[in-house]
Amino acid sequence: MAGKLDEKVAIVTGASSGIGEATAIALAAEGAQIVIAARRADRLDAVAKRIEAIGGKVLPIITDITDEAQVESLVQKTNAKLGQVDILVNNAGIGVLGTIDTGNPADWRQAFDVNVLGVLYATHAVLPLLKAQKSGHIVNISSVAGRTARAGVGVYNATKWGVNALSEALRQEVYKDNIRITIIEPGLVDTEFSDLISDPIAKQRSEERRKTITPLQSEDIANAIVYAVTQPQHVNVNEILIRPTSQDN
């Protein structure tokens, strides 16, 4: 298949569902060879079949983004099998909601392991390849929560503000190597986000809030990512903030 990303190789983390799945399919539709990474083998296989059904080339690799060695292996396997890496979409992430005083420190550690350290591991692993070829694009999925703090969202805010800060610092470090950095900041998206919230009160509030907003679809975010990575090389779309029309903050 041919498209704007013909002959490019893209790694998408957290690709077994939601935004990651939609992004992998959208990038494949533009001609990229896709490496999909996540922990759930059955879901990865299902996504791979969807990509193959549209004529795309896909390589599923089971990866725990919180395991530095597995992430390094993901990048090395990609390079060994496909010969290059052009795009990294750091999508894997989890939501931790709830007030600080009632929070579970184990949840906090997991949130930082996935949302911050996972981004760092993947970025650190892929940068030598991008620098050697003097090109590449890293897309980090942040959130509206990376811009606006709210009561009951403090830990998630902290992880996504961290992603934003890391992304801008990284941009300044690698622009001379012709590497582009983009942050995507979605508002409410119709994904499994609420299903993974362990705090029962925070989960109920999240579900009630969803009833008042017509959420974005994963494909809406995928389209924004495709827009960013298909711009001419001299154009670096640094940040895309995208909310549902009916979302206030």
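State yes or no: is residue 114 closer than 30 Å to residue 5 by Cα, under 13 Å from the mean Cα position of the chain (by Cα), surrounded by 20 or more Cβ atoms within 10 Å (Cβ to Cβ) and not charged (D, E, K, R)?
yes
Please determine, by comparing only the residues of the range 218-249 that are over 14 Å from residue 138 (Cα atoms), of a type outside the set (A, V, I, L, M) and in contact (Cβ under 8 Å) with a residue 60 or more places away in the chain, which one is surrounded by the fewest Cβ atoms within 10 Å (Cβ to Cβ).
249
Report, by residue number, each residue of the range 169-190 that is touching a residue at least 60 places away in the same chain (Cβ under 8 Å) and more than 22 Å from residue 129 (Cβ to Cβ).
Of everything in the range 169-190, those that are touching a residue at least 60 places away in the same chain (Cβ under 8 Å) and more than 22 Å from residue 129 (Cβ to Cβ) turn out to be 186, 187, 189.
Considering only helices (runs of 4 or more DSSP H) fully contained in the range 139-249, which possess at least 2 residues that are farther than 22 Å from residue 127 by Cα and at pLDDT 95 or above?
Helices (runs of 4 or more DSSP H) meeting the threshold: 154-174, 218-229.
Can you tell me which condition residue 127 does not meet? The list is (1) over 23 Å from the mean Cα position of the chain (by Cα); (2) in a helix (DSSP H, G or I), and all the others hold.
(1)
Hey, does the range 22-30 have a residue that's on the phi > 0 side of the Ramachandran plot, in contact (Cβ under 8 Å) with a residue 24 or more places away in the chain and either surrounded by fewer than 19 Cβ atoms within 10 Å (Cβ to Cβ) or not in a loop (DSSP other than H, G, I, E, B) (or both)?
Scanning the range 22-30 turns up no residue that is on the phi > 0 side of the Ramachandran plot, in contact (Cβ under 8 Å) with a residue 24 or more places away in the chain and either surrounded by fewer than 19 Cβ atoms within 10 Å (Cβ to Cβ) or not in a loop (DSSP other than H, G, I, E, B) (or both).
Quick one: is residue 11 in a strand (DSSP E or B) and within 18 Å of the chain's Cα centre (by Cα)?
yes
Please identify the pairs in which a residue from the range 157-168 that is among the aliphatic types (A, V, I, L, M) has its Cβ atom under 7 Å from the Cβ atom of a residue that is assigned to a helix (DSSP H, G or I) and surrounded by 18 or more Cβ atoms within 10 Å (Cβ to Cβ), counting only partners at least 6 apart or on another chain.
Note: pairs meeting the criteria are 163/115; 163/116; 163/119; 163/146; 166/119.
Being of a type outside the set (Gly, Ala, Ser) and buried (at least 23 other Cβ atoms within 10 Å of the Cβ) is the filter here; which residues of the range 31-43 pass it?
Listed by number, the residues that qualify are 33, 34, 35, 36.
The values are calculated or read from the model by the stated rules, or taken from the named source; none is laboratory data. What you are looking at is a predicted structure, and each value in this text was computed from that prediction instead of being measured. With ideal geometry, Cβ positions are generated from the backbone for all residues, glycine too; neighbour counts draw on all protein chains shown.
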